[in-house]
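Nothing in this text is a laboratory measurement; each read-out follows from the coordinates by a stated rule. On a predicted model such as this, the values are computed, not experimentally measured, just so you know. When we count neighbours, we look across all protein chains shown, and the Cβ atoms used for this are built from the backbone with ideal geometry, even at glycine.
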Amino acid sequence: MSGVREAPELGSRGNARPPSVYLALPLEHGLASGLCLRASQLLLRTGGQGGFRILPAIGLHLTLAFYGALSQAEIERLKLSLDASFGRNPALLRPLELELGPAGSFPATGAARVLWLGARDPEPSALSRLARTAREAAAGAGISHAEAEREFTPHITLARRARGGGHGPQAFLQHNWRGVWKPHRVSLLEARTGSDGCRRSGERWSRPFVAET
């Protein structure tokens, strides 16, 4: 899965950098908790967790577009552009039913830094249309971002390497992940590092998926 860049962490404690902003499909808490528990069980088979840190269930998401650090003025322009983009094409918000799996790692070969779970759409173009709309909305707001031309690989990050090197745990990567996920909404999220050093996400814009009547 080359050409995919993970969203970088924010600056160190006390750094007043603008928030990192991304358009995403947030996971519902029950599903997210179950995925985190299963990932932890699989990693424990390697002894400990193999140097990986399971991400908190709160905040798990599938990224459609990562915009990077944006000012508040840029975020407001982006929200207006998203309104216009989704308003022109209500079909983008038809309900999705995604198949979860298989698992993978970044990088795909060598020392893994990130473990993730893939998501597949039986209607192959639906997720790609959402990702393309996310990029077009940024362009409409006059915002450029490094991932504009990168290949879109739908995935949910479940764990990051906390220490050491080594290859991705085979129990995690070879597990027969199965499940169905029906996202509730598409959201514009911002991530900040608080004074306690913890990273937190906040929702700045969202639209629910709605069945046609």
- Query: In nm, to one decimal, how far is the modelled label at residue 206 from the one at residue 182, with both set 7 Å along Cα→Cβ?
  - Reply: 1.7
- How much net charge surrounds residue 28 when only the other residues with a Cβ under 12 Å from the Cβ of residue 28 are counted, with Lys and Arg +1 and Asp and Glu -1? +2
- Message: Show me the ranking of peptides 174-185, 76-87 by mean Cβ neighbours inside 10 Å, starting with the highest.
- Response: 76-87, 174-185
- Query: Along the positive direction of the dipole of the range 20-208 (beta-carbon charges: Lys, Arg +1; Asp, Glu -1; about the Cα centre), which of 140, 90, 152 reaches farthest?
  - Reply: 152
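Looking at the calculated P(r) for the range 20-208, what percent of the C-alpha pair distances fall above 31 Å? If you can, show how the numbers build up before the last one.
Details: 3235 of 17766 pairs.
Percentage above 31 Å: 18.
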- Task: Would you please give the residues with an amide H less than 5 Å from that of residue 185, counting only those at least 5 places away or on a separate chain, with H modeled from the backbone geometry?
- Result: 209
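Based on the mean of other Cβ atoms within 10 Å per residue, sort peptides 33-42, 59-68 so the most packed one is first. Mind showing how you got there, number by number?
On the way: 33-42: 17.2, 59-68: 21.1.
Top of the packing list down: 59-68, 33-42.
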